[in-house]
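The block underneath contains the structure these notes are about, expressed in structure tokens.
Every number here is computed from the coordinates shown, using simple stated rules; none is lab data. Keep in mind it's a predicted model, so treat the numbers as computed, not measured. Ideal geometry is used to build each Cβ from the backbone, glycine not excepted, and the neighbour counts take in all protein chains shown.
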Amino acid sequence: MTNQKEPRAPLDMDAEEFRQAAHKLVDKIADFLAGISERDVHKPNGAKVARDILGAGSLPNSESSTDDVIGEISDLLLEQSLFNGHPRFWGYVNGSASPIGALGDLLASSINANVCTWTVAPVASEIERQAVGWIGDLLNFPNDPNCNSGGLLVSGGTMANITGLLAAKRARFGAEIREQGNNYKGAEKSKFYTTAETHAWLEKALDIMGFGESAITRVATDDNLRMDIDALQKSIQNDIEQGFLPLAVIASAGTVSTGAIDPLNEIAEICRQHKIWFHIDGAYGAVSACVPAVSNELSGIGLADSVAMDAHKWLYVPFEAGCVLLRNRQHLVDSFSHDTTYYPEAGDEDALPVAYRAQGVQTSRGFRALKVWMCLKRAGRDGYAKMIGNNIRQAEKLYQLVGQHPELEAVSHGLSITTFRYHPPEIQDEEILNNLNREILSTLQEEAWAYPSHATVNGKYLIRVCITNFRTTDQDIDDLPDRILSIARNIS
Ligand SMILES: Cc1ncc(COP(=O)(O)O)c(C=O)c1O
């Protein structure tokens, strides 16, 4: 018998090669993270450089060495990317990613759990169950200990919200709706109540659910862009009189443009009166329920039937990680479980880990729970209250600072979002102001010292700073108004 070794598969690595390659990469990443504050937020021509380096060639036939592959692509990424972990990245709602989350991704990929059924991922399923429970703890959800609450991790806020609404539909119309579709029991007459400030995930959701955007009843807002409760009552009444079926109210716990929080407790009461599902989009703001200064305003989260939140926003977990929580987790099983001949049963949750494929849209599911769990465990409730509270304080500081400049107009402060614009007293024309502020923001982004984004509120184009970033310092905030004024004076 010969003792010849089988040739190694092209994607296999022996332990020594893996160790060396990984150590080299980890060293590079550690240097990158250590120096992130000294870099520009992005390279304005990064995409062009990437296109040139990547080239237009078709898929190579031959193998490349591990060193070549990692060296080439890590240099490109670490030099040319937009760095949303930079202390002055304040655009959209992008969290700065914690390093422990990155290590979680490496460990999760090494185990490669498919958190689909408990048989193939027993330990990972338990970790997800705990991570989801801990998120509930952070949000004080539910605030009734007798609830059978639960949930699961999903790709992000959009998917978490869609999952919540699908559960609402199933809960309202019963099991037959899954067989009969939206013609069943007049489901096509369903109405969803929300304000114009709600993120565009809702249009996607209603399209996917077969209701279409016409199923939305937009409810008026008050001066602070919060849902007007009287207007909600009237809209529901009006729709009932016209033969529609009010199915869900969708409240925001932190709107995307200004961080407004709808009056959650009052909305919960109206939903209770009319037996309407109460869903909260807390993708951005729900986690701030752990901060004493705002927890009161968010106490209504505990009364919702379903809540969507994003760990990849303000829990500082690397993309992707969202979470949907239900007051009664059975609604998820009722909505998403199907008997098959090829998977084991959904499982008895009290005795076995959870079969997450039977509680959400995805079948095969990655082990995103690990990075979430590791971040939560590392920071704990106090750590999160400190980081999130600090971001809220910084946004308020910016609002105050901007308010002190006669040429700047502070427009709003909600949670960690502040909006404002350049508005010297001699310019009153709204179109000129909009164009001016558009140019100021684009120059600011181009210079790459800081990266806010914009909001349009009541027709005004505003510079919008959203701080979901544990690296932002008070000095970064102090320096921003002067930067903006110097750009503005150069332009005008
Ligand atoms: C309030 C709100 N809801 C939903 C979403 C969508 O979340 P995702 O991008 O994770 O799908 C966002 C994204 O910014 C948001 O701010």
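Counted residue by residue at 0.36 nm each, then reduced by the alpha carbon distance between them, the extension gain from residue 342 to residue 72 reaches 93.0 nm. Near residue 437, within a Cβ-to-Cβ distance under 9 Å, what is the net charge of the other residues, with Lys and Arg +1 and Asp and Glu -1? The answer is +2.
Using per-residue counts of other Cβ atoms within 10 Å, averaged over each peptide, order 316-323, 360-367 from highest down.
Sorting 316-323, 360-367 by mean packing, highest first, produces 316-323, 360-367.
Maximal additional length on extending the residue 50-residue 80 stretch stands at 10.1 nm, based on 0.36 nm per residue less the C-alpha distance. Please report the antiparallel percentage of the DSSP beta bridges confined to the chain, to the nearest 5. About 60 percent, rounded to the nearest 5. Peptides 194-202, 302-310, 278-286, 166-174 ranked from most to least packed by the mean count of surrounding Cβ atoms within 10 Å: 278-286, 302-310, 166-174, 194-202.
Legend: translational diffusion of the chain by Stokes-Einstein, Rh = Kirkwood radius over C-alpha pairs, 25 °C, 0.890 mPa s; D = 100 µm²/s.
Reported value for the stretch 408-469: 79 Å³ per residue, from the convex hull of its C-alpha atoms. Just to confirm a number: summing +1 for Lys and Arg and -1 for Asp and Glu over residues other than residue 195 whose beta-carbon lies under 11 angstrom from that of residue 195, what do you get? Its environment carries a net charge of -3. By the equivalent-ellipsoid construction on the alpha carbon gyration tensor, the stretch 108-380 comes out with semi-axes of 30, 23, 15 Å, ordered largest to smallest. The string of couplings for the stretch 103-113 from the Karplus curve (6.51, -1.76, 1.60, θ = phi - 60°) is 5, x, 4, 5, 5, 4, 5, 5, 6, 6, 5 Hz, one whole number per residue in order, with x for Gly and Pro.
Extension gain for residue 6-residue 220 works out to 70.0 nm (0.36 nm per residue, less the C-alpha to C-alpha distance). Distance between the 7 Å Cα→Cβ label points at residue 426 and residue 176: 7.3 nm.
Each of residue 241 and residue 188 was given a label point 7 Å from its Cα along the Cα-to-Cβ line. The distance between the two points is 2.5 nm. For the stretch 237-379, what class follows from the C-alpha gyration tensor (a ≥ b ≥ c being the square roots of its eigenvalues): rounded when a/c is under 1.5, otherwise prolate if a/b is larger than b/c, else oblate? Note, shape of the stretch 237-379 comes out oblate.
Charge dipole (Cα centre; +1 on Lys/Arg Cβ, -1 on Asp/Glu Cβ; no other charges) of the stretch 14-143 amounts to roughly 560 debye. Based on the convex hull around the alpha carbon atoms, the stretch 388-491 presents an average projected area of 6.0 nm². Treating the stretch 140-261 as a set of equal point scatterers at the Cα positions, no solvent, please give the Debye-formula log₁₀ I(q)/I(0) at q = 0.11, 0.13, 0.19 Å⁻¹. The calculated log intensity ratios at q = 0.11, 0.13, 0.19 Å⁻¹ are -0.41, -0.58, -1.20. Working note: 222 nm ellipticity from helices only, DSSP H runs with n ≥ 4, each -39,500 (n - 2.57), summed and divided by the residues of the chain, gives -14000 deg cm²/dmol to the nearest 500. Under a model in which nothing but the beta-carbon of Lys, Arg (+1) and Asp, Glu (-1) is charged, the chain shows a dipole of about 700 debye around its Cα centre. With R₀ set to 30 Å, the beta-carbon distance separating residue 123 from residue 299 gives a calculated FRET efficiency near 0.30.
A Förster distance of 30 Å, applied to the separation of the beta-carbon atoms of residue 447 and residue 130, puts the FRET efficiency at 0.10. Overall form of the stretch 15-83: oblate. Here a/c, set by the Cα gyration tensor axes a ≥ b ≥ c, is 1.5 or more, and a/b is not larger than b/c.
Return the lysines within reach of residue 191: Cα separation strictly under 17 angstrom, same-chain partners fewer than 8 residues apart disregarded; answer none if there are no such residues. Qualifying lysines at Cα under 17 Å: 169, 204, 234, 275.
Per-residue packing, averaged as other Cβ atoms within 10 Å, sorts the ranges 87-98, 329-340 into the order 87-98, 329-340, beginning with the highest.
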